[in-house]
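Engineer: First, the structure itself, so that you have it in front of you.
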Amino acid sequence: MKSLRQVLESLRIGFDSLRANKARGVLTALGIIIGIVAVITTMTAANGLSNNFKESVSALGSDVLYVSRMPWIVTGNFFEFRNRPNLTLEEAELLARRMRSARAVNPTINTSKSIKYRSEVIENVEILGTTDQQMLVASAVPEIGRFLTRFDIRFNKSVCVIGSTVRERLFENVDPLNKTMKIGRRRFRVVGVMEKQGSAAFFGGPDFDSQVFVPITSFVKAFGGSHRDINVAVKAPSQASLADFEFELIGEMRKIRKLRPSDRDNFSINQMDSLVGMFNSVMGVVVTIGLVITTISLFVGGIGVMNIMYVSVTERTKEIGIRKAIGAKRRAILAQFLFESMAICAFGGLVGLAGAFGVTALIDRLVMPATISPGIATLAVVISMGIGVLFGFLPAWKASRLNPIEALRYE
Amino acid sequence: MTIEMTDIVKTYGMNSVEVQALRRVSLSVAKNEYVAIMGPSGSGKSTLMNIIGCLDPPTSGSYSLEGEDVSTMKEDQLAEVRNQKIGFVFQTFNLIARSNVFHNVELPLIYKGVSVAKRRKIAEEALEAVGLADRMKHKPPELSGGERQRVAIARALVNKPSLLLADEPTGNLDSTTGSEIMSLLDDLHADGNTIILVTHEPEMARHAHRIIRLKDGVIESDTASSARAKRTA
Ligand SMILES: Nc1ncnc2c1ncn2[C@@H]1O[C@H](COP(=O)(O)OP(=O)(O)OP(=O)(O)O)[C@@H](O)[C@H]1O
Ligand SMILES: [Mg+2]
């Protein structure tokens, strides 16, 4: 009880002396403020990127393997991949027939075209030739109308399903269903509009909402297909392990391509996990660099606090002498100065936190969805108080060890 | 005995030039004595007061305060002794300028760990006793020298010390204000306090009942005050 009271008194005395020197305290806290804004923003941005990324790759499905000519993440010799043959539609059909255990096999092919409805034109829209199987491998479904059907594929129907952004920009207030739009120079009838999915465009990935889906057969007929590379999504059966399934898939692909046992695979199998793994390692490096930089800035801020605390101790040498003469113990003096530096830093931490909320709101509006988690906010305040203790300790220790007589005599 | 000192030596400057500020001073002061210490400048008066006040340890010799050996105590124990047994009044007042009068006076109680309510009561009473109850919210720079010294006296008294030490308390005051302070000390003595006063002025020393003269770090004489002798006669 008594010692708690003494702690509270030291706290009050510490705050009192801060109030006497507001401008200096605020200036000193600036270093901490900047450091805290940097720390929180770094962590929040990393968090936001992660969430954004996970959201967009989850559209790929964790139990879906993607067969393609090139690996998604190219490591090693690029030229080795360059000579690989394109994956063809025939190969995809063979694969679909052979992979009996697969829940879905969906070949896709893509290009970029301008699209037009009446006078409205959008350039460089990603056109995806796909099949009805897409509904089985991807999570997004049409919001209005329907997706492509087996029938559309079989009979090369000139129909399309558009992403939500395409609908907004091309049709505005018009109901797009059964309207005819132009893709390149060909006419397609809109049969469906996809639900909003969000975008991976931030990572250079596809913007799902800006895509137009057409039957893969019509795609080939309209835009040519022989020279194009296709990708095949293969969905694993629910009970099988993905590794076993991948093994089977590689085997079938090798048979289709008639590879000899000594030949290397001339195709790649990709999956969401590899993207996640790559993302995590890249993020790890980015976050580490960010934290090193912000730690340095906090350290510099801390040095500023230490410097001001030394000044404060020297300025108040006489006061320390007086306090000791009337019975202040060492720990009372130590606590007084520690609380003072903690108060400066806590102030810096809180202002920094407020600043970080501002920066995060900006990021949220302009770049990507981002929010400060309560954990990060708490951590920031704790860190700043910790800096107060860490960097305030030496000056406070010095103050507590002053000889009372010498301190009293100080002018 | 309140103070029992034997063979106190204080040497400054450890290596090159040694100054012997006190050479084997022995001194006893009983409860409720009123002692004045006089002597030329540099004779060791302040040094002796600082040792009596446990602010400075003696180089050698033994010192017990109310039967407690303080010459071997550690710094934090000494802080406690200063807090609870000693009240200081300095020539330069030594108030904390940015804290108000009330806070200055309650400070020794804070370091003792007294509760807020009790602190308020005791500090107010002490300020009342020195006639400054209406200036509690003022800061020391807003007060006159005499008022500041009265605040310092109130601060020295809040913990009911066994010993009130005043090193030239009127040194920075004009003679009228100085005698006001002196009559305040007289009252405190009449209330049963033990007082040790350092002064240059015989006028002031006359308030005490015993006069100790220091010269070159030794006690030259230790006599009952003539005034006291006259008064009691
Ligand atoms: N910290 C110190 N370092 C070295 N010498 C000191 C120190 N303090 C005091 N002295 C010396 O000790 C001697 C006694 O000093 P002290 O302050 O006790 O004198 P005083 O009697 O109080 O003088 P005054 O009347 O001027 O206040 C002096 O010679 C002084 O120079
Ligand atoms: Mg002196």
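Engineer: Could you check segment B:83-117 and list, in sequence order, the residues that are within 23 Å of A:GLU411 (Cα to Cα), away from ligand 2 (no atom under 16 Å from the Cβ) and in contact (Cβ under 8 Å) with a residue 60 or more places away in the chain?
Structural biologist: Correct list: B:GLY87, B:LEU95.
Engineer: All but one of (1) assigned to a loop (DSSP other than H, G, I, E, B); (2) at pLDDT 90 or above; (3) of a type in the set (A, V, I, L, M) hold for B:ALA156; which doesn't?
Structural biologist: B:ALA156 satisfies every listed condition except (1).
Engineer: All but one of (1) buried (at least 17 other Cβ atoms within 10 Å of the Cβ); (2) within 11 Å of chain A (Cβ to nearest Cβ); (3) within 16 Å of ligand 2 (Cβ to nearest atom) hold for B:CYS54; which doesn't?
Structural biologist: Tallying (1) buried (at least 17 other Cβ atoms within 10 Å of the Cβ); (2) within 11 Å of chain A (Cβ to nearest Cβ); (3) within 16 Å of ligand 2 (Cβ to nearest atom), B:CYS54 fails exactly one: (3).
Engineer: Looking at segment A:55-161, what helices (runs of 4 or more DSSP H) fall wholly within it and have at least 1 residues that are crowded, with 17+ Cβ neighbours inside 10 Å? Let's see the steps before the verdict.
Structural biologist: Working: elements: A:78-82, A:89-98, A:134-137, A:150-154.
Hits in segment A:55-161: A:89-98, A:134-137, A:150-154.
Engineer: Let me ask something else. Given the conditions (1) farther than 15 Å from A:ILE326 by Cβ; (2) of a type in the set (Val, Ile, Thr); (3) within 16 Å of ligand 1 (Cβ to nearest atom), and given that B:THR92 satisfies all but one, which numbered condition is not satisfied?
Structural biologist: The one condition B:THR92 does not meet is (1).
Engineer: Give the residues of segment A:325-337 that are under 55 Å from the mean Cα position of the chain (by Cα) and at the interface with another protein chain (Cβ under 10 Å from one of its Cβ atoms), sorted by residue number. Don't jump to the end; show me each part of the working.
Structural biologist: Initial filter on segment A:325-337 (under 55 Å from the mean Cα position of the chain (by Cα)): A:328-337.
Within segment A:325-337, A:ALA328, A:LYS329, A:ARG330, A:ARG331, A:ALA332, A:ILE333 qualify.
Engineer: Check off (1) within 16 Å of ligand 1 (Cβ to nearest atom); (2) crowded, with 22+ Cβ neighbours inside 10 Å for B:GLU220 and give me the number that stays unchecked.
Structural biologist: (2)
Engineer: Then there's this: What are the residue pairs meeting all of these: first residue in segment B:25-53, first residue on the phi > 0 side of the Ramachandran plot, second residue more than 10 Å from ligand 1 (Cβ to nearest atom), Cβ atoms under 8 Å, and 6 or more apart or on different chains?
Structural biologist: Between residues of segment B:25-53 that are on the phi > 0 side of the Ramachandran plot and residues that are more than 10 Å from ligand 1 (Cβ to nearest atom), the close pairs are B:ASN32/B:HIS189; B:ASN32/B:GLY192; B:ASN32/B:ASN193; B:ASN32/B:THR194; B:GLY39/B:ARG213; B:GLY39/B:GLU220; B:GLY44/B:VAL25.
Engineer: For B:TYR111, work out the one condition from (1) buried (at least 21 other Cβ atoms within 10 Å of the Cβ); (2) under 20 Å from B:SER144 (Cα atoms); (3) in contact with a Lys or Arg (Cβ under 8 Å, 6 or more places away or on another chain) it doesn't fulfil.
Structural biologist: Result: B:TYR111 fails condition (2) only.
Engineer: Hey, another quick one. Across segment B:25-48, what is the number of residues that are within 16 Å of ligand 2 (Cβ to nearest atom) and of a type in the set (Ser, Thr, Tyr)?
Structural biologist: Going through segment B:25-48, the residues within 16 Å of ligand 2 (Cβ to nearest atom) turn out to be B:25, B:35-48.
Then keep just the ones that are of a type in the set (Ser, Thr, Tyr); that gives B:41, B:43, B:46-47.
Of the residues in that region, 4 qualify.
Engineer: Among the residues of segment B:70-101, count how many are in contact with a strand residue (DSSP E or B) (Cβ under 7 Å, 6 or more places away or on another chain) and over 30 Å from B:GLY146 (Cβ atoms). Spell out the reasoning first.
Structural biologist: The first filter runs over segment B:70-101 and keeps only residues in contact with a strand residue (DSSP E or B) (Cβ under 7 Å, 6 or more places away or on another chain), leaving B:70-71, B:81, B:85-91.
With the extra rule that they be over 30 Å from B:GLY146 (Cβ atoms), the set shrinks to B:70-71.
Going through segment B:70-101 one residue at a time, the tally reaches 2.
Engineer: What number goes with the only condition from (1) away from ligand 1 (no atom under 16 Å from the Cβ); (2) surrounded by fewer than 18 Cβ atoms within 10 Å (Cβ to Cβ) that B:HIS200 does not pass?
Structural biologist: (1)
Engineer: For segment A:302-411, which helices (runs of 4 or more DSSP H) that fit wholly inside it have 1 or more residues that are away from ligand 1 (no atom under 16 Å from the Cβ)? Before you say what the answer is, go through the steps one by one.
Structural biologist: Details: elements: A:317-325, A:330-366, A:374-401, A:404-409.
Where helices (runs of 4 or more DSSP H) fall fully within segment A:302-411 and carry at least 1 residues being away from ligand 1 (no atom under 16 Å from the Cβ), they are A:317-325, A:330-366, A:374-401.
Engineer: Quick one: what pairs do we get from segment B:63-82, first residue facing another protein chain (nearest Cβ under 9 Å), second surrounded by fewer than 14 Cβ atoms within 10 Å (Cβ to Cβ), C-beta under 8 Å, 6+ apart or different chains?
Structural biologist: Matching pairs, first to second residue: B:VAL81/B:GLU68.
Yes/no per residue for (1) among the hydroxyl-bearing types (Ser, Thr, Tyr); (2) within 14 Å of chain A (Cβ to nearest Cβ); (3) within 16 Å of ligand 2 (Cβ to nearest atom); (4) part of a helix (DSSP H, G or I):
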position: B:LYS160; (1), (2), (3), (4): no, yes, no, no
position: B:ALA166; (1), (2), (3), (4): no, yes, yes, no
position: B:PRO169; (1), (2), (3), (4): no, no, yes, no
position: B:ASN172; (1), (2), (3), (4): no, no, yes, no
position: B:THR176; (1), (2), (3), (4): yes, no, no, yes
position: B:ILE181; (1), (2), (3), (4): no, no, no, yes
position: B:ASP186; (1), (2), (3), (4): no, no, no, yes
position: B:ASN193; (1), (2), (3), (4): no, no, no, no
position: B:LEU197; (1), (2), (3), (4): no, no, yes, no
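Engineer: Also, I was wondering about something else. Applying the selection to segment A:310-319, what residues are within 10 Å of A:ALA399 (Cα to Cα) and within 10 Å of chain B (Cβ to nearest Cβ)?
Structural biologist: Narrowing segment A:310-319 to residues within 10 Å of A:ALA399 (Cα to Cα): A:310, A:312-314, A:316-317.
The answer is A:ARG316, and nothing else.
Engineer: Quick check on my filter: what residues within segment B:1-24 are more than 16 Å from ligand 2 (Cβ to nearest atom) and among the hydroxyl-bearing types (Ser, Thr, Tyr)?
Structural biologist: B:THR2, B:THR6, B:THR11, B:SER16
Engineer: Which of the residues that make up segment A:162-201 are under 28 Å from the mean Cα position of the chain (by Cα) and either outside the structural domain of A:SER119 (by TED's automatic domain parsing) or not in a loop (DSSP other than H, G, I, E, B) (or both)?
Structural biologist: Going through segment A:162-201, the residues under 28 Å from the mean Cα position of the chain (by Cα) turn out to be A:162-169, A:193-201.
Across segment A:162-201, the qualifying residues are A:ILE162, A:SER164, A:THR165, A:VAL166, A:ARG167, A:GLU168, A:ARG169, A:VAL193, A:MET194, A:ALA201.
Engineer: Inspect all residues belonging to segment B:127-139 and state whether any of them is outside any helix (DSSP H, G or I), touching a His at 6+ places or on another chain (Cβ under 9 Å), aliphatic (A, V, I, L, M) and touching a residue at least 40 places away in the same chain (Cβ under 8 Å).
Structural biologist: No; the residues of segment B:127-139 include none that is outside any helix (DSSP H, G or I), touching a His at 6+ places or on another chain (Cβ under 9 Å), aliphatic (A, V, I, L, M) and touching a residue at least 40 places away in the same chain (Cβ under 8 Å).
Engineer: Is it the case that segment B:19-38 has a residue that's near ligand 1 (Cβ under 8 Å from one of its atoms), within 14 Å of chain A (Cβ to nearest Cβ) and surrounded by fewer than 22 Cβ atoms within 10 Å (Cβ to Cβ)?
Structural biologist: Looking through segment B:19-38, none of the residues is near ligand 1 (Cβ under 8 Å from one of its atoms), within 14 Å of chain A (Cβ to nearest Cβ) and surrounded by fewer than 22 Cβ atoms within 10 Å (Cβ to Cβ).
Engineer: Quick one: is A:GLU168 at pLDDT 90 or above, farther than 30 Å from A:ASN83 by Cα and among the acidic types (Asp, Glu)? So that I can check it myself, show each step before the final result.
Structural biologist: Numbers: at pLDDT 90 or above: yes; farther than 30 Å from A:ASN83 by Cα: yes; among the acidic types (Asp, Glu): yes.
Spelling it out, A:GLU168 is indeed at pLDDT 90 or above, farther than 30 Å from A:ASN83 by Cα and among the acidic types (Asp, Glu).
The values are calculated or read from the model by the stated rules, or taken from the named source; none is laboratory data. Computed from a predicted structure; not experimentally measured. Glycine gets a Cβ as well: all are built from the backbone with ideal geometry, and neighbour counts include every protein chain shown.
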